[in-house]
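One structure is given here, and the rest of the page talks about it.
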Amino acid sequence: MNEIAPPCIIWNLDPTITLWSMNVRWYGLLFGLGIILGHTLLSWQIARAGYPENTDIRLTWALALGMLIGAFTGHRVFYAWDQVAANPWAAFNLKGPIVGLSSHGAAVGILLALYVYHKWSRIPFLDLADRITFGTTLVAFFVRLGNLANSEIVGKTTSVPWALCLTHHDRTGLVPRHPVQIYEALLSLVVLGLLFWADRRHGGEQRPRGMLLALFASSYFGLRIVAEFFKEPMVFSADSPLSIGQILSLPFFLAGVILLRQTWPGNIRRSAE
């Protein structure tokens, strides 16, 4: 008797594409596109502030380097701690058996790169942090599309009508899963919309310093905590009620909420009275 295939959208995109006789991964193309378009948004913010010429391109290079180093080492520290503890060099070994990039490690790397650039340029840290939120959110959107192209960071099994069957991940048969890569890509667009709204609503250059960083951290990582419930869980221990992603998102979310209470215009006015 023939088995009835579960209802799902078949996702069998080849992770590589051939361009001019070269095999290139969709992930790399989307990552690069995100950085280019993110730089465009950063240039808009830097030009509006009237900062010196080339501030945007220098800052983009610093952030891209910090993001890549943070994502590379963060994945090894957060998701393969036993191997790193046994051999600390594994956190930096390009040829090691540990593969993957961590978005939370990328966030730490971006903040460290931003701090170094702030000290070098003498531009206030919170002002720089506000201005990179637009581009950072856009990069996050394209990274999640790259994860979808790679059929990685997969969702839990489900019976929802929009479930995806990732043939490059589940090679033994069709397994309907939540398309969490799409969920997280969409939440990035929601956060980007919130940033544009808040920037316009509160006067652009007249907005309180640190407000956009606070809004980004509280909304993006808050939504990430929710999205993790739809993913195949990666946990520190079998009895942990939260996934690694939720635990790592929590400090960013709480810091964003605290900063938002201090920087949101209505709260500033009330505390001044």
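The values are calculated or read from the model by the stated rules, or taken from the named source; none is laboratory data. These numbers were taken from a predicted model, which means no experiment stands behind them. A quick note on method: Cβ atoms are made from the backbone with ideal geometry, for glycine too, and the neighbour counts reach across all protein chains shown. These accessible areas exclude ligands, DNA and RNA; they are computed on the full protein's heavy atoms, side chains included. Shrake-Rupley method; radii C 1.70, N 1.55, O 1.52, S 1.80 Å.
For the chain, what does the relative contact order come out to in percent, with C-alpha contacts under 8 Å and a separation of six or more?
Values: 389 pairs, mean separation 54.9, N = 273.
Across the chain, relative contact order equals 20 percent.
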(message) On a 1.4 Å probe surface of the protein chains, which of W11, W44 comes out largest in accessible area, and what is the full order?
(response) W44, W11
(request) Springs between alpha-carbon atoms under 10 Å, Gaussian network over the chain: tell me which of F142, F230, F253 tops the mean-square fluctuations. (result) F230
(message) Given the DSSP H assignment, sum -39500 (n - 2.57) over each helix run of at least 4 residues in the chain and divide by its residue total; what's the result at 222 nm in deg cm²/dmol, nearest 500?
(response) -20500 deg cm²/dmol
(message) Charges at C-beta only: +1 for Lys and Arg, -1 for Asp and Glu. How large is the resulting dipole of the stretch 158-273 about its Cα centre, in Debye rounded to 20?
(response) 420 debye
(message) Taking only the Cα atoms of the stretch 139-273, how large is their convex hull per residue, in Å³?
(response) 129 Å³
(request) Using a Gaussian network model of the chain whose springs link C-alpha atoms within less than 10 Å, name the residue from R201, R25, R144 with the highest mean-square fluctuation. (result) R201
(request) Rounded to the nearest 10 degrees, what's the angle between the helix 26-49 long axis and the longest principal axis of the chain, both from Cα atoms, 0 to 90? (result) 10 degrees
(request) Kindly express, to the nearest 10 degrees and within the range 0 to 90, the angle between helix 103-121's C-alpha long axis and the longest C-alpha principal axis of the chain. (result) 30 degrees
(request) List the residues whose amide H sits under 5 Å from the amide H of R25, counting only those 5 or more places along or on another chain, with H placed 1.01 Å from N in the peptide plane. (result) I17
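Below 10 angstrom from the Cβ of R177, what's the summed charge of the other residues (Lys, Arg +1; Asp, Glu -1)?
Numbers: positive: K156, K231; negative: D170, E232.
Computed value for this residue: 0.
Only four residue types carry charge here, +1 at the Cβ of Lys and Arg and -1 at the Cβ of Asp and Glu. Report the dipole size of the chain about the Cα centre in Debye, rounded to the nearest 20.
Details: 21 positive and 16 negative charges, 135 e Å.
Its charge dipole is roughly 640 debye.
So, with a 1.4 angstrom probe, what is the percent of accessible area on the chain that is carbon and sulfur?
Numbers: 9920 of 15010 Å².
Whole-percent figure for carbon plus sulfur exposure: 66.
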(request) With no solvent and one equal point scatterer per Cα, compute the Debye intensity ratio I(q)/I(0) for the stretch 1-158 at 0.10, 0.12, 0.14, 0.16 Å⁻¹ and report its log10, rounded to two decimals. (result) -0.48, -0.65, -0.83, -1.00
(request) Would you mind checking the tilt of helix 211-227 against the longest principal axis of the Cα atoms of the chain, expressed as 0 to 90 degrees and rounded to 10? (result) 20 degrees
(request) With a/c under 1.5 counting as rounded, go ahead and sort the stretch 36-126 into rounded, prolate or oblate using the C-alpha gyration tensor (a ≥ b ≥ c being the square roots of the eigenvalues; past the cut-off, prolate if a/b is larger than b/c, else oblate). (result) prolate
(message) Could you tell me the center-to-center distance, by alpha carbons, between the stretch 174-188 and the stretch 101-159 in angstrom?
(response) 19 Å
(message) Quick one: 3J(HN,Hα) in Hz for the stretch 134-146, Karplus 6.51/-1.76/1.60 with θ = phi - 60°, rounded, Gly and Pro as x.
(response) 4, x, 4, 5, 5, 4, 4, 4, 6, 5, 5, 5, x
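If packing is taken as the average number of other Cβ atoms within 10 Å across a peptide's residues, how do 66-77, 211-222, 187-198, 155-166 rank, most packed first? Present the calculation step by step, with values, prior to reporting the outcome.
Values: 66-77: 20.7, 211-222: 24.2, 187-198: 18.1, 155-166: 16.6.
By packing density, highest mean first, the sequence is 211-222, 66-77, 187-198, 155-166.
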